Each structure stands twice: as C-alpha cells, then as structure tokens.
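The structure under discussion appears below in the form of structure tokens.
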Amino acid sequence: MTTCPPKPSELSDDVYRVRTISVAISFHVGYTQIMTALYSDTNPKIEQMQIEIIRRMPSWKKFAIVDDLNETVKAFALSGIKQNRPDASAEQIRFLLAERMLGAELAHKVYSHAR
C-alpha cells in the first residue's frame with residue numbers, strides 16, 4: 001500500500017494535499033520526462049518521496065486523482081456562476097457552466113436550448 005510522505009510542519013493540510021495532487025498531475029504519461037524539483041520551498045527529500053510515490057502509483061489511481069480535481073474545479077465554477085447569477089435557473093446554470101468548460105461556440109451548438 002502506498003502512503004503519502006510526512007507533511008512538513010510549516011504546511012497546512014490543504015496546501016500539502018494540493019501539492020501532493022499537483023505532483024500527481026505533473027506526472028508525464030510518456031515516462032520519458034525525468035521528474036525534477038517542482039517547488040522551491042519544498043524540502044528536496046520530501047519532494048523526492050512524493051515523486052517516488054507517484055511513480056509507484058497504479059495508473060487508475062492517478063486518473064482518479066485527476067478526476068477528483070476536475071470535479072473540484074467544476075464545483076468551484078458552479079459556485080461562482082451561482083454567486084454571480086443568483087436568479088439563474090438550473091438549466092441556465094448548466095449552460096453557463098458549459099460555456100466555461102467548452103467555450104462559447106461549442107456550448108451554443110450543444111446547449112442553445114438552455115439559454
């Protein structure tokens with residue numbers, strides 16, 4: 001079983017979690033790129049531990065991490081849309097999210113009925 005490296009005491013849990021995820025996302029699918037230091041304020045030994053954990057992590061888990069991050073970004077986008085457009089219907093909110101995710105042109109082609 002893979003475990004995360006110990007959290008440096010100067011980092012909050014949230015910062016540590018985001019950095020661990022960002023290292024996972026930085027994983028190069030082609031396996032040809034050598035992973036190097038990503039953060040100047042992270043102890044190189046800790047960062048090397050993170051990289052080793054990611055290298056040993058099965059592909060399905062890396063994809064699950066990316067999927068979770070995508071869902072988080074989507075939740076933030078929805079929250080922003082609802083805050084900026086409190087009177088928007090659920091259908092309008094879905095359309096505005098599609099605009100942000102797909103771009104205006106494709107969103108209009110696919111979801112024009114929701115305007």
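Assorted remarks:
- FRET E, pair Q48, T72, Förster distance 35 Å, beta-carbon r, rounded to 0.05: 0.85
- Charged neighbours of K61, selected by a Cβ distance under 13 Å, balance to +1 (K, R count +1; D, E count -1).
- All lysines inside 30 Å of K74 as judged from Cα atoms, apart from same-chain residues fewer than 8 positions distant: K7, K61, K62, K82, K109
- Under 14 Å, Cβ to Cβ, from M101 - net charge with Lys/Arg +1 and Asp/Glu -1: +1
Values in this text are rule-based calculations from the coordinates and carry no lab data. These numbers were taken from a predicted model, which means no experiment stands behind them. As a convention, Cβ positions derive from the backbone with ideal geometry for all residues, glycine included, and neighbour counts pool all protein chains shown.
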